[in-house]
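What follows is a set of notes on a single structure, which appears directly below.
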Amino acid sequence: MSIINTIILAIVEGLTEFLPISSTGHMIIASSFLGIEKDEFTKLFEVAVQLGAIISVVVLYYKKFFDFARIKFYIKLMIAVIPAIVLGLLFSKKIDALLESPTTVAVMLLLGGIVLLFIDNVFKNPVIQDEEKISVRRGFIIGIWQCLAMIPGTSRSAASIIGGMQQKLTRKVAAEFSFFLAVPTMLAATGYKLLKAYKETPELLHNHANVQALIIGNIVAFIVAVLAIKFFIGFLQKHGFKLFGYYRIVAGIVLLLLIWKGVIHD
């Protein structure tokens with residue numbers, strides 16, 4: 001994978017990881033257009049580059065992540081991430097198989113887009129306007145919602161934000177809790193993938209070009225994710241989810257057309 005391809009994929013990751021539009025779907029589309037072969041390192045890179053996005057959340061919300069007196073904050077995140085860790089370990093092979101199905105991604109982009117068109121009208125009376133008022137129970141339920149994102153194309157961000165709104169959180173608080181929950185969730189996924197690669201295909205991590213790609217990719221993903229998060233919070237408060245819904249529908253249709261035309265192979 002060339003440096004240019006590395007930077008482009010990292011930009012895509014940084015832009016889409018925290019928006020409700022599916023980073024997986026966009027990585028598949030970008031990889032196909034760039035003609036990047038789906039080898040073992042590419043699969044590893046697409047997960048490991050999430051580390052840069054994780055760090056962006058910690059940096060932007062450092063006061064919460066490094067206020068060790070707020071023990072309940074850490075407890076909530078640890079309990080909320082349990083469903084994803086358990087299901088991820090139980091169904092890792094099936095999830096990996098689905099990741100190689102662009103049709104699944106396209107269909108979920110489309111269906112998720114339709115949901116986002118109406119979601120603002122479904123949850124109209126939020127009562128929780130502060131993260132500290134999210135109970136451990138509500139956090140766990142949001143963690144269960146997040147598991148829907150194990151179906152590629154669903155969007156982890158969309159699933160957990162909708163889960164938050166279903167639990168009576170405002171759009172802003174639901175989005176921010178989704179960001180917080182992303183840290184242990186994505187850290188676990190990235191760590192598991194890197195450890196697995198180290199044990200099964202250590203040559204991938206002993207390759208200078210691969211290590212260089214991971215470093216550059218994570219730096220770029222971090223910078224872009226910081227900008228994307230700042231944009232998303234402001235946009236969401238003013239305009240809601242409808243525009244993201246339309247975008248997902250268009251992206252899903254385009255992906256289905258590309259599969260039908262043979263540009264992208266399922």
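The values are calculated or read from the model by the stated rules, or taken from the named source; none is laboratory data. Predicted, not measured: the structure shown is a model, and the values here were computed from it. Cβ coordinates were reconstructed from backbone atoms using ideal geometry, including for glycine residues, and neighbour counts include every protein chain displayed.
Observations on the structure shown:
- Matching residues, segment 244-261, being among the charged types (D, E, K, R) and within 10 Å of G112 (Cβ to Cβ): R248
- Applying a threshold of 6 Å to beta carbon distances and a minimum spacing of six or more residues, or different chains, the list of pairs starting in segment 227-249 at a residue that is on the phi > 0 side of the Ramachandran plot and ending at one that is in a helix (DSSP H, G or I) reads G240/D120.
- Condition broken by F41, with the remaining ones in (1) in contact (Cβ under 8 Å) with a residue 24 or more places away in the chain; (2) within 19 Å of the chain's Cα centre (by Cα); (3) buried (at least 20 other Cβ atoms within 10 Å of the Cβ) satisfied: (2)
- For beta carbons closer than 8 Å, sequence separation of 6+ or different chains, a first residue in segment 57-81 that is within 14 Å of F177 (Cα to Cα) and in contact (Cβ under 8 Å) with a residue 60 or more places away in the chain and a second that is hydroxyl-bearing (S, T, Y) and surrounded by 13 or more Cβ atoms within 10 Å (Cβ to Cβ), the qualifying pairs are V81/T185.
- Residues (without any contact (Cβ under 8 Å) to a residue 60 or more places away in the chain and in contact with a Phe, Trp or Tyr (Cβ under 8 Å, 6 or more places away or on another chain)) located in segment 124-161: I134, A159, S160
- Being touching a Lys or Arg at 6+ places or on another chain (Cβ under 9 Å), of a type in the set (G, A, S) and either free of Cβ contacts under 8 Å to residues at least 24 places away in the same chain or surrounded by 15 or more Cβ atoms within 10 Å (Cβ to Cβ) (or both) holds for only one residue in G112, G88, G52, and it is G112.
- Being buried (at least 16 other Cβ atoms within 10 Å of the Cβ) and modelled with pLDDT under 90 holds for only one residue in I216, I151, I144, I229, and it is I151.
- Any hit, segment 1-17, residues being in contact with a Lys or Arg (Cβ under 9 Å, 6 or more places away or on another chain), modelled with pLDDT of 85 or more and assigned to a loop (DSSP other than H, G, I, E, B): yes
- Here I259 fulfils each of the conditions (1) hydrophobic (A, V, I, L, M, F, W, C); (2) at pLDDT below 90; (3) under 17 Å from A174 (Cβ atoms) apart from (3).
- For segment 35-69, a tally of residues being modelled with pLDDT of 85 or more, not in a loop (DSSP other than H, G, I, E, B) and not hydroxyl-bearing (S, T, Y) returns 19.
- For segment 187-216, the candidate set comprises residues that are touching a residue at least 60 places away in the same chain (Cβ under 8 Å) and outside any helix (DSSP H, G or I); within that set, the residue that is nearest to A84 (Cα to Cα) is T201.
- Candidate set: segment 119-137, residues that are modelled with pLDDT of 90 or more, over 23 Å from the mean Cα position of the chain (by Cα) and surrounded by 12 or more Cβ atoms within 10 Å (Cβ to Cβ); chosen: the one nearest to G245 (Cα to Cα): I128
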